Amino acid sequence: MTPAAPPPLPEREQIALLEPFEGLGLRDIRVVATLQQAQAAATALLAAGVVGFDTESKPTFAKNEVSGGPHVVQFATLREAWIFQLHHTECRETLAALLASTALAKVGFGLSTDLSLIRQRLGVDPRAVFDIDTEFRRRGYRKSVGVKTAVALVFNRRFVKSRKATTSNWANRQLTDAQIRYAANDAYAAMRVFDALELTVPNAF
């Protein structure tokens, strides 16, 4: 018996008509700047066990320009998010430990480039990482399903990604409120999709 085809993915024009997805506000986002804040973040994240995960890097526009990213690494639970800026060198050891930890499952979309940049920048191999796109492929979708399409498919909502924030300078020492919300909600939306699909973390990564 041939398995049933999955529901069609919503097109860009259809997504544009949906009500916006409600993300985290600034009060629910912690920007990690000190070792004490990093350790507090690690405690909360490890207690959660599974978190949404993503990175941001300064965009490159010239042909051979190298961004040197990631400049920001973000994690989110279903209630709050933490943003690590890599110029805070005192926080890097804690961040690296979280990335390498098998006790913290990190879920997101399209993570291959993020992982490569982390290896280059931090010299650590991220472990316990689950790309939610693999679940959509398992369900019969041949095209890659990013966070915007997943949010539309799962929640019937439009995930707003500001082009201005996407191409902003993530290497800035002081992030804008728009950058903070953008980064946090990339990770948060992934966590929400993972939770709504009632996925479980694979035993082996």
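The values are calculated or read from the model by the stated rules, or taken from the named source; none is laboratory data. A quick note: this is a predicted structure, and the numbers were derived from the prediction, not measured. With ideal geometry, Cβ positions are generated from the backbone for all residues, glycine too; neighbour counts draw on all protein chains shown. Surface accessibility is based on the protein's heavy atoms, side chains included, excluding ligands, DNA and RNA. Shrake-Rupley method; radii C 1.70, N 1.55, O 1.52, S 1.80 Å.
Scanning the stretch 110-132 for residues that are under 24 Å from Gly49 (Cα atoms), part of a helix (DSSP H, G or I) and open to solvent by 10 Å² or more (accessible area, probe 1.4 Å) gives Ser112, Thr113, Asp114, Leu115, Ser116, Leu117, Arg119, Leu122. Do we have any residue at all in the stretch 88-109 that's without any contact (Cβ under 8 Å) to a residue 40 or more places away in the chain and buried (at least 22 other Cβ atoms within 10 Å of the Cβ)? Within the stretch 88-109, one or more residues are without any contact (Cβ under 8 Å) to a residue 40 or more places away in the chain and buried (at least 22 other Cβ atoms within 10 Å of the Cβ). Taken together, the residues in the stretch 15-29 that are open to solvent by 30 Å² or more (accessible area, probe 1.4 Å) and either assigned to a helix (DSSP H, G or I) or of a type in the set (Val, Ile, Thr) (or both) amount to 4.
Among residues belonging to the stretch 43-66 that are out of contact with any strand residue (DSSP E or B) (no Cβ under 9 Å at 6 or more places or on another chain) and in contact (Cβ under 8 Å) with a residue 60 or more places away in the chain, point out the one that is nearest to Gly123 (Cα to Cα).
At the first step, the residues of the stretch 43-66 found to be out of contact with any strand residue (DSSP E or B) (no Cβ under 9 Å at 6 or more places or on another chain) are 43, 46-47, 58-66.
Now restrict to residues that are in contact (Cβ under 8 Å) with a residue 60 or more places away in the chain: 58-59.
Values: Lys58: 19, Pro59: 21 Å.
Selected residue: Lys58.
For the stretch 137-167, which residues satisfy the criterion of being without any contact (Cβ under 8 Å) to a residue 40 or more places away in the chain and closer than 12 Å to Leu197 by Cβ? If the condition is that a residue be without any contact (Cβ under 8 Å) to a residue 40 or more places away in the chain and closer than 12 Å to Leu197 by Cβ, then Arg138 is the only one that fits.
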